[in-house]
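To start, the structure under review is shown below, and the notes come after it.
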Amino acid sequence: QVQLVESGGGSVKAGGSLRVSCALYGYAYTTYLMGWFRQAPGKEREGVAAVGEDGAEIYADSVKGRFTISKDNAKNILYLQMDSLKSEDTAMYYCAAASHWGLSFRLLVPSEYSIWGQGTQVTVSS
């Protein structure tokens, strides 16, 4: 059974940096699309960044230019480098994976993903 495990969350000052990681464990017969999502208290879960099948990256407008997503496809490890952090970035960060997709797959839409990690908390103080 496939599992996702996030790590690297913590508390930082505004303007600081964090790097969170997500490892996919378990025997997988296919490659996975993977992405990062976040949810703040009282807010909807939102897409942050994702990597498509071809390795292309997509980012939410709110993090574009500050966050960088990367994936080791061979090892199924996903990273999110977060720079110039703002207090509004405070949220529980989740990684997610999908083993099946079609032409209409939306990389930053949470409902597209079926496998989720437990989340890692990122807190940014002003």
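Below, the figures for the structure above:
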item: The listed residue being open to solvent by less than 60 Å² (accessible area, probe 1.4 Å), farther than 16 Å from P110 by Cα and in a loop (DSSP other than H, G, I, E, B), out of S21, S62, S70; result: S62
item: Hits in the range 33-61 (condition: β-branched (V, I, T) and under 16 Å from Q121 (Cβ atoms)); result: V48
item: Condition met for S125 (on the phi > 0 side of the Ramachandran plot, hydroxyl-bearing (S, T, Y) and open to solvent by 30 Å² or more (accessible area, probe 1.4 Å)); result: no
item: Test for G16: is it open to solvent by less than 50 Å² (accessible area, probe 1.4 Å), of a type outside the set (S, T, N, Q) and farther than 14 Å from W116 by Cβ; result: yes
item: Those residues of the range 24-45 which are open to solvent by 60 Å² or more (accessible area, probe 1.4 Å) and out of contact with any strand residue (DSSP E or B) (no Cβ under 6 Å at 6 or more places or on another chain), in sequence order; result: Y27, Y29, T30, T31, P41, G42, K43, E44
item: Evaluation of V12 against (1) part of a strand (DSSP E or B); (2) in contact with an Asp or Glu (Cβ under 8 Å, 6 or more places away or on another chain) (one fails), failing number; result: (2)
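Residues are listed down the side, and each one gets a yes or a no for (1) open to solvent by 50 Å² or more (accessible area, probe 1.4 Å); (2) in contact (Cβ under 8 Å) with a residue 24 or more places away in the chain; (3) within 15 Å of the chain's Cα centre (by Cα):
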residue: S7; (1), (2), (3): yes, yes, yes
residue: A49; (1), (2), (3): no, yes, yes
residue: S87; (1), (2), (3): yes, yes, no
residue: T90; (1), (2), (3): no, yes, yes
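The values are calculated or read from the model by the stated rules, or taken from the named source; none is laboratory data. Remember, it's a predicted structure, so these values are computed and weren't measured experimentally. As a convention, Cβ positions derive from the backbone with ideal geometry for all residues, glycine included, and neighbour counts pool all protein chains shown. Just the protein is used for accessible areas: all its heavy atoms, side chains included, with ligands, DNA and RNA removed. Shrake-Rupley method; radii C 1.70, N 1.55, O 1.52, S 1.80 Å.
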